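The values are calculated or read from the model by the stated rules, or taken from the named source; none is laboratory data. Note that the coordinates shown come from a computational prediction; the quantities given were computed from them, not determined experimentally. Neighbour counts are summed over all protein chains in view; Cβ atoms, including those assigned to glycine, are modelled from backbone coordinates with ideal geometry.
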Amino acid sequence: MSNSRELAEAMPANLYDYKPTPEAMSFGDQILHIASNISYLTATINGERKSFFEKEDSQSLDKDSIIEILDAANNYVLELIKETEKSQLDEEIVFANENMTKENIFYLLRGHQTHHRGQCLVYLRLNGIKAPGYVGW
């Protein structure tokens, strides 16, 4: 998760609204999307939909605020992982009309963040910015 923060820090504040194409999410929106997805997916595990920011305020958020939101979301996941008993990981829940275990949702959280981190990495490179290295989650 620190990898996502390092990536977010690498993009200059004036490029947080950068989009490689008009229909793409901006760099800042990619980071906020990670936080939104954490809210959505963790709710399937613990039933609590934690909000890290108000969507209608997203366009007025600056780089520092977006990084704080990312940190809060990632810290929330880390606490949830610590609080989840090993025996609970095999509990089945319905997600997207399919039965999944809570463990699968944790993997989905990681996979989703990695996917959007990869997109952000491309945004950095398209702007001539060296991306930070990647080491696990």
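Out of the residues in the stretch 5-23 meeting the condition of being without any contact (Cβ under 8 Å) to a residue 40 or more places away in the chain and assigned to a loop (DSSP other than H, G, I, E, B), tell me which one is nearest to Leu61 (Cα to Cα).
The qualifying residue nearest to Leu61 (Cα to Cα) is Asp17.
Take Leu32 and decide whether it is over 21 Å from Arg117 (Cα atoms), touching a Ser or Thr at 6+ places or on another chain (Cβ under 8 Å) and assigned to a helix (DSSP H, G or I).
no
Could you check the stretch 112-137 and list, in sequence order, the residues that are outside any helix (DSSP H, G or I), surrounded by 13 or more Cβ atoms within 10 Å (Cβ to Cβ) and not aromatic (Phe, Trp, Tyr)?
Matches in the stretch 112-137: Asn127, Ile129, Ala131, Pro132.
Tell me, yes or no, whether the stretch 103-111 has at least one residue that is modelled with pLDDT of 95 or more, within 17 Å of Ser2 (Cβ to Cβ) and surrounded by 14 or more Cβ atoms within 10 Å (Cβ to Cβ).
Within the stretch 103-111, not a single residue is modelled with pLDDT of 95 or more, within 17 Å of Ser2 (Cβ to Cβ) and surrounded by 14 or more Cβ atoms within 10 Å (Cβ to Cβ).
Are there any pairs with C-beta distances below 7 angstrom linking a residue in the stretch 76-88 that is farther than 24 Å from Phe52 by Cα and free of Cβ contacts under 8 Å to residues at least 24 places away in the same chain to a residue that is surrounded by 13 or more Cβ atoms within 10 Å (Cβ to Cβ) and not hydrophobic (A, V, I, L, M, F, W, C), with the two at least 6 apart or on different chains, and if so which?
Listed pairs, sorted by first residue: Gln88/Lys102.
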